[in-house]
1. Within the stretch 129-164, count every residue that is surrounded by fewer than 20 Cβ atoms within 10 Å (Cβ to Cβ) and either at positive phi or not in a helix (DSSP H, G or I) (or both).
2. Which members of the stretch 43-76 meet the condition of being touching a Leu at 6+ places or on another chain (Cβ under 6 Å) and away from the ligand (no atom under 16 Å from the Cβ)?
3. If you go through the stretch 159-197 one residue at a time, how many are in contact with a helix residue (DSSP H, G or I) (Cβ under 7 Å, 6 or more places away or on another chain) and within 16 Å of the ligand (Cβ to nearest atom)?
4. Quick test of your reading of the structure: PRO92 fulfils all but one of (1) more than 12 Å from the ligand (Cβ to nearest atom); (2) surrounded by 20 or more Cβ atoms within 10 Å (Cβ to Cβ). Name the failing condition by number.
5. Filter the stretch 1-26 down to residues that are more than 11 Å from VAL207 (Cα to Cα) and of a type in the set (A, V, I, L, M) and give me whichever is nearest to the ligand (Cβ to nearest atom).
6. Would it be correct to say that GLY36 is away from the ligand (no atom under 12 Å from the Cβ), surrounded by 19 or more Cβ atoms within 10 Å (Cβ to Cβ) and either in a loop (DSSP other than H, G, I, E, B) or free of Cβ contacts under 8 Å to residues at least 12 places away in the same chain (or both)?
Amino acid sequence: TAAAHPIEARGLVKRYDHVTAVDHVDITVEAGTVYGYLGPNGAGKTTSLRMLLGLIRPDEGRARLFGRDPLEEGAAALDGVAGFVEAPRFYPYLSGRRNLELMAALDGGDAADRIDDALETVGLAERDGDKVSGYSHGMKQRLGIGAALLRDPRLLLLDEPTTGLDPAGMRDMRELVRRLAADGITVLLSSHIMGEVEELCDRVAIVRSGRVIYEGAMDALLHRASAHGQRYRLR
Ligand code: ATP
């Protein structure tokens, strides 16, 4: 049998009071791809990522990561999976390295052995002794990815990694995601600004009001948009 996809979600639904935050969403992410989950604020991106990670229970449907359901199997199903939902959080008065050391200690295993590599990969090796409170927004986002790398992931889920970055921060983040993909890590990232991530993504889902309104290869979408003499706008 073929290896299970990094992400396979079918019919995900999440309702809050009068809002259907996520409305029958299917997502298939194939190994080795960068997948963009794109849509305006409130489209249900964060809620979808939470369901994929087993942080909240869908009202309908199910999500599997590498064929395993975190709601059924717990932490074991998240082996090889890492990332962040909403902004990563750190102790601001501790250094970037110290934050990773604390996370590694909580994580156990050989996470501590990966701290140097993680800091290097995310471009923070030279600033690892600085307090996180002195980091730019982009550096904090990259430290969040560094923290995720301590788990030696095969799959990374990144919620809005580029939001709020200045042009330099954006460039660093794009380079970082490219490097992760080149290292064979499958990446799902959400964004509400398509222009920020389009060149990174192999495939995209465009979501609006909880529904996927387009799913396909990024270049097919760009082609379709230019055929209509316009760029797709998300907001
Ligand atoms: P953003 O980028 O603003 O976070 P998003 O695409 O991630 O947007 P969600 O945060 O998933 O969207 O929210 C989708 C919808 O569900 C919104 O209308 C939001 O108000 C609603 N929602 C999300 N979480 C809750 C909750 N815990 N209780 C009530 N409503 C919620």
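1. 9
2. PRO70
3. Qualifying residue count, the stretch 159-197: 9.
4. So the condition that PRO92 fails would be (2).
5. VAL19
6. It is false that GLY36 is away from the ligand (no atom under 12 Å from the Cβ), surrounded by 19 or more Cβ atoms within 10 Å (Cβ to Cβ) and either in a loop (DSSP other than H, G, I, E, B) or free of Cβ contacts under 8 Å to residues at least 12 places away in the same chain (or both).
Per-residue answers, yes or no, for (1) charged (D, E, K, R); (2) open to solvent by less than 10 Å² (accessible area, probe 1.4 Å); (3) farther than 18 Å from GLN141 by Cβ:
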position	(1), (2), (3)
LEU176	no, yes, no
THR186	no, yes, yes
HIS192	no, no, no
GLU196	yes, no, no
SER209	no, no, yes
ILE213	no, no, yes
GLY216	no, yes, yes
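The values are calculated or read from the model by the stated rules, or taken from the named source; none is laboratory data. Just so it is clear, the model here is predicted, and its values are computed rather than measured. Heads up, the Cβs are rebuilt from the backbone with ideal geometry, glycines too, and the neighbour counts pull from every protein chain shown. For the accessible areas, the whole protein counts, side chains as well, though only heavy atoms, and no ligand, DNA or RNA atoms are used. Shrake-Rupley method; radii C 1.70, N 1.55, O 1.52, S 1.80 Å.
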